[in-house]
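Below you'll find the structure, written out as structure tokens, and then a few comments.
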């Protein structure tokens, strides 16, 4: 008996891949073989992107905190060290938010860090 190569299961598999490739240019969105490789590569990029996103946000927070600290006459490293010595346990996300939106509170934190360091 010959092996069944296509049929409903194969069609479903192809449809699933082509649905994910919707919007891709040319044969990448139309032909199964090229669409399949494009979809796999796209998923790899998405996976890496989710990891990079965290890294990029942390870098952005550090830049914002450093800029605000310099406006108050202190470097980023001295500021963070001063907070650590003063046992202020605020993460960089919160500090960056304070630096942008709550300048008075951030100025007080700079004083706390200056006195502790």
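Any chance you could tell me what percent of the C-alpha pair distances in segment 1-65 go past 13 Å?
71 percent
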Segment 44-65 to segment 75-94: how many Å between their Cα centroids? 21 Å
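Normalised by the number of residues in the chain, what is the relative contact order in percent for Cα pairs under 8 Å and 6+ residues apart?
Working: 86 pairs, mean separation 22.4, N = 117.
After rounding, I find 19 percent.
Beyond 16 Å, what share of the Cα-Cα pairs of the chain is found? Please give it as a whole percent.
On the way: 4725 of 6786 pairs.
When every Cα pair of the chain is considered, 70 percent fall beyond 16 Å.
Which FRET efficiency value, to the nearest 0.05, is calculated for residue 94 and residue 40 with the Förster distance at 41 angstrom and r the Cβ-Cβ distance? Don't jump to the answer; show the numbers that get you there.
On the way: r = 39 Å, r/R0 = 0.94.
The value I calculate is 0.60.
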Say each of residue 19 and residue 54 gets a label point 7 Å from the Cα, pointing the same way as Cα to Cβ; how far apart are those two points in nm? 3.0 nm
Need one number: nm distance between label points at residue 86 and residue 32, each 7 Å from Cα along Cα→Cβ, rounded to one decimal. 6.5 nm
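Taking 0.36 nm per residue of separation and subtracting the Cα-Cα distance, what length does fully extending residue 116 through residue 78 add? Please report the intermediate quantities before stating the final value.
Numbers: separation 38, 0.36 × 38 = 13.68 nm, distance 1.02 nm.
Length gained between residue 116 and residue 78: 12.7 nm.
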Residue order, fewest to most surrounding Cβ atoms within 10 angstrom, among 65, 40: 40, 65
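Could you grab the relative contact order for segment 60-117? Cα pairs under 8 Å, six or more apart, rounded to a whole percent.
Working: 57 pairs, mean separation 26.6, N = 58.
This gives 46 percent for segment 60-117.
The numbers here are math on the coordinates, done by the rules we state, and not lab data. Just so you know, these numbers come straight off a predicted model, no measurement behind them. Positions of Cβ are generated from backbone atoms using ideal geometry, with glycine treated the same way; all protein chains shown enter the neighbour counts.
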